[in-house]
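The block underneath contains the structure these notes are about, expressed in structure tokens.
The values are calculated or read from the model by the stated rules, or taken from the named source; none is laboratory data. Everything quoted here is computed from the prediction, not taken from an experiment. Virtual Cβ from ideal backbone geometry, glycine too; neighbours counted across all protein chains shown.
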Amino acid sequence: MAINIPKKKYKRAVIYANGDTVVLEGEIDQSNPETFLEPFFKKASSLMTTFVYIDITGLEFLNSAGIKCILDFLMKRKSNSRVIIRTDRKKTWQRTAIDVIQSLDKENILLEE
């Protein structure tokens, strides 16, 4: 089943899902990003099958609370589902953050630059 969640803007952040891709863009620097990320990821999780991309190439900043929301989504995903996280290699913070996330399950959480 395709994941289709319309684009929504929260301050300087934009989130949406289309097909097999969840997209985070802009800046997620709010003090409580879980207020919009948790419902978004809950809906994405209910629609995802065994494979999903998380595209953060357009994300300029992600605070630790936002990283926690991504971690929660990954920990609650269906067992043996695969996630490929698309990053922008020019943004070194993305690689650092994703390395930590990927260490949870190197077999099913993959990185694409």
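For the stretch 96-111, the set of residues classified as in contact (Cβ under 8 Å) with a residue 24 or more places away in the chain and of a type outside the set (A, V, I, L, M) consists of Asp105, Asn108, listed by residue number. Considering only residues of the stretch 1-34 that are in contact with a Leu (Cβ under 7 Å, 6 or more places away or on another chain) and assigned to a loop (DSSP other than H, G, I, E, B), which is nearest to Ser64 (Cα to Cα)? Restricting to residues being in contact with a Leu (Cβ under 7 Å, 6 or more places away or on another chain) and assigned to a loop (DSSP other than H, G, I, E, B), the top hit is Ile3.
Annotation: of all residues in the stretch 17-52 being of a type in the set (S, T, N, Q) and within 20 Å of Glu107 (Cβ to Cβ), the one that is modelled with the lowest pLDDT is Thr49. Pairs are defined by a Cβ separation below 8 Å, a sequence spacing of at least 6 or placement on different chains, a first member in the stretch 5-19 that is closer than 17 Å to Pro33 by Cα, and a second member that is part of a strand (DSSP E or B) and among the hydroxyl-bearing types (Ser, Thr, Tyr); the pairs so defined are Lys7/Tyr16; Lys8/Tyr16. Of all residues in the stretch 45-71, those satisfying the criterion of being hydrophobic (A, V, I, L, M, F, W, C) and over 12 Å from Gly19 (Cα atoms) are Ile56, Leu59, Phe61, Leu62, Ala65, Ile67, Cys69, Ile70, Leu71. Mind listing whichever residues of the stretch 62-81 are more than 10 Å from the chain's Cα centre (by Cα) and either at pLDDT below 90 or among the β-branched types (Val, Ile, Thr) (or both)? Result: Met75, Lys76, Arg77, Lys78, Ser79, Asn80, Ser81. Does Leu37 meet the test of being part of a helix (DSSP H, G or I) and buried (at least 19 other Cβ atoms within 10 Å of the Cβ)? Taking the combined requirement at face value, the residue satisfies it. Pairs are defined by a Cβ separation below 8 Å, a sequence spacing of at least 6 or placement on different chains, a first member in the stretch 53-75 that is over 21 Å from Asp105 (Cβ atoms) and among the aromatic types (Phe, Trp, Tyr), and a second member that is in a helix (DSSP H, G or I) and modelled with pLDDT under 95; the pairs so defined are Phe61/Trp93.
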